[in-house]
Amino acid sequence: MTQSCGFVAIVGRPNVGKSTLMNRILGQKISITSRRPQTTRHQIMGIKTVDETQFIYVDTPGMHLQTRDRNKAINRFMNQAASQALRDVDCVVFLVDRTRWTDEDQVVLDKLVHVEAPVILAVNKVDWLEDKATLLPWLASLSNRREFAAILPISAKHGTNVPELEAEVAKLLPEGMHYFPEDQVTDKSQRFLAAELVREKVMRQLGDELPYQMTVEIEEFRDEGKVVHISALMLVERPGQKKILIGDKGERIKKIGIEARQEMERAFDSKVMLNLWVKVKRGWSDNDRALKSLGYDLD
């Protein structure tokens with residue numbers, strides 16, 4: 001049989017469920033998720049091979065408006081990473097949230113004007129709609145915004161219509177040899193995933209208490225067979241943020257460590273010894289050189 005293979009960018013504004021969708025498609029957790037917008041900061045590749053077809057999904061940071069409080073170097077990096085993912089793809093899945101259309105949805109749509117690849121519109125979280133009768137007229141109105149290869153209402157969280165979305169994507173992939181072994185699910189290293197899992201637990205626990213000026217750097221990742229030893233440094237920009245992250249008598253950082261370690265053990269199928277530290281590094285989120293040293297590099 002003829003093989004097909006192609007790149008599929010999953011794009012949308014922050015917090016519409018892009019990472020949840022990719023994890024659902026892959027059947028395992030590759031991208032971290034939280035209720036907080038802009039959880040995803042990097043392009044993350046998820047690979048799914050079904051018989052002769054290989055899907056290479058690219059999860060992207062949410063495209064957002066550059067406002068005064070979101071105009072740091074890290075915000076610019078995330079927008080650039082999302083825009084870059086649109087180059088040379090074979091298909092785009094544009095994700096929107098139910099019957100809401102925001103200025104940031106329009107930002108994404110405007111970016112897609114210059115994309116030659118076919119675009120599938122996926123309307124997510126339809127299971128949350130109180131009045132299902134509003135859905136059909138809303139889908140009809142969306143079809144007037146541009147020509148879409150398909151429009152599907154889905155629920156990334158519960159899997160509603162996700163197989164149908166994959167089937168539509170499969171129709172658009174070109175013939176070609178597979179780029180990756182059939183058992184590979186991501187291009188990211190375990191070291192990268194470890195840092196992301198720590199960051200996820202921080203974002204889920206702290207919510208709005210801790211601003212976006214927090215990142216994680218893995219200082220040690222040593223696999224000794226039965227045990228993986230990981231040392232993770234959590235960087236913040238101010239001493240007050242460090243205090244919040246550590247918590248009263250170290251309770252907050254201890255809880256973050258327990259949850260991150262448990263998730264890593266599931267992901268790596270190994271016992272994990274995790275050590276966490278917090279360090280203040282002023283201005284890292286608005287310093288291009290610091291960002292590059294911390295792995296925020298489009299190359």
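Being over 24 Å from N15 (Cα atoms), open to solvent by 20 Å² or more (accessible area, probe 1.4 Å) and in contact (Cβ under 8 Å) with a residue 24 or more places away in the chain is the requirement here; does R266 meet it?
For R266, the condition - over 24 Å from N15 (Cα atoms), open to solvent by 20 Å² or more (accessible area, probe 1.4 Å) and in contact (Cβ under 8 Å) with a residue 24 or more places away in the chain - is not met.
Given the residues K279, K255, which is the only one that is exposed (fewer than 12 other Cβ atoms within 10 Å of the Cβ), in contact (Cβ under 8 Å) with a residue 40 or more places away in the chain and not hydrophobic (A, V, I, L, M, F, W, C)?
Only one candidate qualifies: K279.
Please specify each residue of region 118-128 satisfying the condition of being free of Cβ contacts under 8 Å to residues at least 60 places away in the same chain and either touching a Phe, Trp or Tyr at 6+ places or on another chain (Cβ under 9 Å) or open to solvent by 80 Å² or more (accessible area, probe 1.4 Å) (or both).
P118, V119, I120, L121, V123, W128
Among the numbered criteria (1) at pLDDT 90 or above; (2) part of a helix (DSSP H, G or I); (3) over 19 Å from E200 (Cβ atoms), which one does G257 miss?
Among (1) at pLDDT 90 or above; (2) part of a helix (DSSP H, G or I); (3) over 19 Å from E200 (Cβ atoms), G257 violates only (3).
Where in region 1-120 are there strands (runs of 3 or more DSSP E), lying wholly inside it, with at least 1 residues that are at pLDDT below 90?
Values: elements: 4-11, 44-50, 53-59, 91-97.
Once the strands (runs of 3 or more DSSP E) in region 1-120 are filtered for at least 1 residues that are at pLDDT below 90, what remains is 44-50, 53-59.
The values are calculated or read from the model by the stated rules, or taken from the named source; none is laboratory data. Just so it is clear, the structure is predicted and the values come from calculations on it, not from any experiment. All Cβ positions, even for glycine, are placed from backbone atoms using ideal geometry, and neighbour counts span all protein chains on display. Just so you know, the surface numbers come from the protein's heavy atoms only, side chains and all, with ligands and any DNA or RNA stripped out. Shrake-Rupley method; radii C 1.70, N 1.55, O 1.52, S 1.80 Å.
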